Amino acid sequence: MDRRAFNQALLALLSAPLASCARSESPSSSRRDLYLLQGAERNDRILAGATQEGVVSIYTSLNTQDSGPLTQAFEKKYGVRTELWRSNSERLLQRAVSEARAGRFACDVLETSGPEMEAMYREGLLEEFYSPHFEELAPGSFPPHGHYVADRFNFFTIGYNTTLVRPEDVPSSYEDLLHPRWVGRIGLEASDIDWFGAMVRHWGEAQGLAYFRRLAQAKPQVRVGHTLIGQLLASGEIPLAANLYNHNVERVAVQGAPIRWKALVPTFGRPNTIGVARRAPHPHAALLFTDFVLSVEGQTILKDHNRVPSSRAVETHLNDFPFEMIDPTITLDEEEKWTGLWSDLFLRGQRVPREADS
């Protein structure tokens, strides 16, 4: 199922009458009090409760190569067993919603991309919570309602092959991508509708769409997958890419490939977020694991796997530049508009593919 068809089906599910007690029953006041607990007693109370519960159930779209080290370190530190279910963000959302509507509440922690997490918030599957590590996170990590928080970012930057692009030719602005030297030589990831919408909104619709029409006239090479485009850069098949995740470039660059990334203005980030389930069967363990992911220790594990941590307490050049977060309403509420425009500009009216979460 393509992304548009999936989202149409999901919106139908979300708008359907509730068939279960997913919303009709609220969590106990003691559970909410636990989630918002602050003060000296918090850590001891959460650890004692999590130890008694003995397990935490996690639904995530983070690949097992990177989520595995997190759960292993958590288990070693606290002796609390983790049960991990991994899928892409759309299937994760579908499972969480379907289970809740069937009256089954098996998940404690949800970790996935911002739009899907926002949809789960709207469905009432999440609860507001507090972590002492909030003060260490970048300001753009928090939605206004406080029901989830960014634990890692995907930043859209340009990438280039250092053997094919002279230092003086490396673009310093998006306008530089329109130089005649780049005609037919720019890689463009095919599924980044939210980035496209965010960029157009930033510039204003008239100016933004005019820019992307000019970019389309430069005949970019459209490919599916940020990892694939990074590989094409490394091999020299394309010299420049317009919308790469900087951590994808970094993973290849540290292995010696002749590629680099650069953050232009504006730089937009796609947040990947974490939150506690409103009806978590193991609420203490849910908080303990969430705290661990947001802590310097957990964020360092993400950094060591070339992920972009949301914590400012972890030093990395992967987030050391001004950035803005992509508004999840672009995907949730305006997808048909942005998908149609993007398809007409770059895909000859064909459906927009999707890239699997990683």
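Values quoted throughout were computed directly from the atomic coordinates according to the rules given, and no laboratory measurement underlies them. Only a predicted model underlies this, so the values are computations on that prediction, with no experimental measurement involved. Using ideal geometry, Cβ is built from the backbone for each residue, glycine included, and neighbour counts are taken over all protein chains shown.
With the Kirkwood sum run over all distinct C-alpha pairs, the chain has a hydrodynamic radius of 21.3 Å. Applying a DSSP loop filter and a limit of 13 other Cβ atoms within 10 Å to the GluC sites (Glu not before Pro) in region 253-353 leaves Glu315.
The calculated 222 nm mean residue ellipticity attributable to helices in the chain amounts to -12500 deg cm²/dmol, summing -39500 (n - 2.57) over DSSP H runs of n ≥ 4 and dividing by all residues. Extents of region 175-314, taken as max minus min of Cα coordinates on every principal axis and listed largest first, are 57, 40, 25 Å. Of the GluC sites (Glu not before Pro) in region 126-180, which ones lie in a loop per DSSP and count no more than 16 other C-beta atoms within 10 Å? Answer in residue order: Glu128. A DSSP coil position with no more than 16 other Cβ atoms inside 10 Å describes the following GluC sites (Glu not before Pro) in region 195-283: Glu237.
FRET efficiency for the Arg251 to Arg122 pair, using the beta carbon distance and R₀ = 30 Å, is estimated at 0.35. Computed from the C-beta positions of Ser173 and Leu228, the FRET efficiency with R₀ = 25 Å rounds to 0.45. FRET efficiency for the Glu135 to Ala48 pair, using the beta carbon distance and R₀ = 25 Å, is estimated at 0.55.
Geometric descriptor of region 146-199, per residue, is 139 Å³ (volume of the convex hull of the Cα atoms).
Projected onto planes of every orientation and averaged, the convex hull of the alpha-carbon atoms in region 273-358 covers 8.5 nm².
Given q = 0.27 Å⁻¹, what are the Debye log10 I(q)/I(0) values for region 91-135, with equal point scatterers placed on the Cα positions and solvent ignored? For region 91-135, the Cα-only Debye profile gives -1.07. In terms of modelled amide H atoms, which long-range or inter-chain residues lie less than 5 Å from the amide H of Thr82? Counting only residues 5 or more places away or on other chains, the set is Val56.
Over 26 Å apart at the Cα level, from the set Lys219/Lys262; Lys219/Lys303; Lys77/Lys262, are Lys219/Lys303; Lys77/Lys262.
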